[in-house]
Amino acid sequence: MRPGVLLIRPDQHADPLELGIRDHGFPVFRHAVVAIESVNLAAEQLQAISTKNWDGIVVISPNAAREFNRQLEQAQLEWPQAKHYLTVGPGTAEVLSPFCQQPVTWPAQAFNSEALLEFPELASLAGENWLIITGENGRELLPDSLKKRGATVEVCACYRRQPTTTDVVANEPEWQQQVAVVLVSSLEQAQLFHGALSAEGKDWVNQTHWIAPSGRILDGIAELGVAPDCLHAAPSAMPSALIKTLLSLPLESWQSKTKETTRENAVNAPHSSTSAPQQETSEQVKSKDKRGGGRFFSGLLMVLVIASLAVLATGGWWVWQQQQALNAATNAEIASVTQRLEQAEQVTTSSAPAVDTATIEAEVERLRAVVDDRLASERAARERGLERLAAAQEDAAASLQQGQSQMARQLTRMSEQLRTSEARQGSHWHLLEAYDLVGAAMHRLNFEYQRDMAIQLLAQAEELLSTANADAYQLVIRQLRNDQEMLAELPEVDTQSIVLRLHRLQRSVRDLPLQHTLIDEEATDSTDRSDISNWRRNLAAAWQSFTTDLVKVQRHDGLPMRLDSDQRALLFGRMELQLQIAQQAALNHHQDYYQATLRELLGYIDDYFIAEQRSVEQVRAEIESLLAMNVEPDYPSRLLSHAMLRDLVDELREPRPINGGQ
């Protein structure tokens, strides 16, 4: 068993640092010595900050970034624009970057205000306006230094830290038994924690391993009296850096000491009854049965999804093959007409008897009718193919829904069986069922994007633990409530409005003006070509036009320089099909398919239409706006309550040494 880690950190909904530590098998004892309280800014102040153009903005801490963003969202305001966004370290930059949507810079050598002030951008600030987002009672080094360099500085304090150290002494016995590492990322919190300990607790903690970011924080902890060989510097305050330092610690001595203590306790403890192993064995058998049923239905669900994707891919390949066949037939017809024109020109040159122009025109009309018929049949076939694809998709969705319903019924039945069995044979059924409910909530959230259903499952797990033993599972119950609040605050993707905008675009693409070089000149030359007496000149002009276009085709990598009415209809049909695919991708939350179809549509607009026309600019701007939207909800892939329940279940299933460890 790995040693415990005492995490001195304020409460958060889903701390990635705590999740990462638990994933590596370390028990986590989190304790907050400060509470983050909001300092609500006036609406006029928020409005002025948001609309003003700043030369630079400095965000001091992750809590400052989160709290300022929360107040901006409540006021429905955007983050202010600035030439420079700066932070004192990468941890704050990681939180800030998704909020401001702008590049963020931080010092590379040391993560403090002193290193930040060495930036060349901050050397001369005469006449510039700078904003500092921080908490109350922060350090004055940064604002004072910027003012001395000529800048006008506004400090925005959007939160305060309230000490909460009343229960530190009460938790000391548990920490001394379980904890081997203290992890902290704030000097203020380290000082508050050390000062609240008893004399015995200080003796213990001074000989315990400490992990903190290098520089000012680690130096301040050393002044508290911690042994130098117990101080371990992390490169930064980012979770990855802190966890890497934790994994490099020499903790073998603590593990051996823990094993000796466990062996002594086992020798001195009274003998347990033989009913405990039997009860544990029955729990393991039921747990294996439940996992086996879950794997079966999960496999069934994956088979249905793969079958749906295979049907869609086969339909797309069939439509592409039909388009290729149509293009080949059209090229063959054009080559036949060209050959007939060459033969007519050769007969005319050799002073042969006059060619019947009416026959030639009739043949051309016949070929045109054949091409029109093939195009019409191809369109009808394509529409039938799309209808079959839609029907196949509906069948796959119905099968998937049926599988989900069956799986839900099976899970409900298994939950009822487990509840009944545990009520008769065990005392920990509520813990296992709560763990399964949270797992089902994560599945609904990550695979089906059903946020409300996930919240309901978490509420059921909370009610179950509260009814069973609220005092024993107080931390888990509180984290379940935090996860529910966090999920309720997540925004939902409005795919219906995106689909409506795509539908409006589908109606307007046929009105877009094509480039003049792509428009067939047949309509402008119809008057001259209709005159039978000028048929020689018309044939010569047609041959000259064909040879010129052929040279241009070779020069422009196969792109036709003129499109007839059928090719234009095919182009517009292709664009409408892309918009339909984008609508389906948005409804199904497929971000990759959605963006790929819109990018292909932008390529059609750039290649074939007049970019300077207002209608083309409006359509292109609308497509770029839709391309920037996210159709896939950004839900968390893991929940902290699930990790806490997993630790409790693993501890329950782990064999315990009895009868002297035998």
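The values are calculated or read from the model by the stated rules, or taken from the named source; none is laboratory data. The structure displayed is predicted, hence computed values, not measured ones. Ideal geometry is used to build each Cβ from the backbone, glycine not excepted, and the neighbour counts take in all protein chains shown. Protein only, heavy atoms only, side chains kept; ligands, DNA and RNA dropped before computing areas. Shrake-Rupley method; radii C 1.70, N 1.55, O 1.52, S 1.80 Å.
Going by the conditions given, is S113 crowded, with 19+ Cβ neighbours inside 10 Å and out of contact with any His (no Cβ under 9 Å at 6 or more places or on another chain)? Taking the combined requirement at face value, the residue satisfies it. Residue pairs whose Cβ atoms lie under 9 Å apart, sitting 6 or more positions apart in sequence or on different chains, and linking a residue in the range 1-30 that is aromatic (F, W, Y) to a partner that is open to solvent by 50 Å² or more (accessible area, probe 1.4 Å) and modelled with pLDDT of 85 or more, are F29/E174; F29/Q178. Checking E73, E118, E37, E136 one by one, the residue that is open to solvent by 20 Å² or more (accessible area, probe 1.4 Å) and assigned to a strand (DSSP E or B) is E37 and no other.
Checking each residue in the range 76-102 for being modelled with pLDDT under 90, assigned to a loop (DSSP other than H, G, I, E, B) and open to solvent by 60 Å² or more (accessible area, probe 1.4 Å) picks out only Q101.
Note on the range 610-635: residues that are open to solvent by 30 Å² or more (accessible area, probe 1.4 Å), outside any helix (DSSP H, G or I) and either over 22 Å from Q595 (Cα atoms) or of a type in the set (D, E) (or both) amount to 4. So, A93, is that one touching an Asp or Glu at 6+ places or on another chain (Cβ under 9 Å), within 13 Å of V58 (Cα to Cα) and not basic (K, R) or not? Against the criterion (touching an Asp or Glu at 6+ places or on another chain (Cβ under 9 Å), within 13 Å of V58 (Cα to Cα) and not basic (K, R)), A93 does not qualify. Within the range 145-159, the only residue that satisfies the criterion of being over 28 Å from R70 (Cα atoms) and among the hydroxyl-bearing types (S, T, Y) is S145.
Restricting attention to the range 154-179, the residues being in a strand (DSSP E or B), modelled with pLDDT under 90, within 17 Å of I8 (Cβ to Cβ) and of a type outside the set (S, T, N, Q) number 2.
Here is the figure for the range 185-238: residues that are closer than 22 Å to A35 by Cα, in a helix (DSSP H, G or I) and open to solvent by 30 Å² or more (accessible area, probe 1.4 Å) total 4.
For the range 378-385, does any single residue satisfy the condition of being at pLDDT 80 or above, open to solvent by less than 60 Å² (accessible area, probe 1.4 Å) and either farther than 17 Å from Q324 by Cα or touching a strand residue (DSSP E or B) at 6+ places or on another chain (Cβ under 7 Å) (or both)? Checked against the condition, which is being at pLDDT 80 or above, open to solvent by less than 60 Å² (accessible area, probe 1.4 Å) and either farther than 17 Å from Q324 by Cα or touching a strand residue (DSSP E or B) at 6+ places or on another chain (Cβ under 7 Å) (or both), the range 378-385 yields no hits at all.
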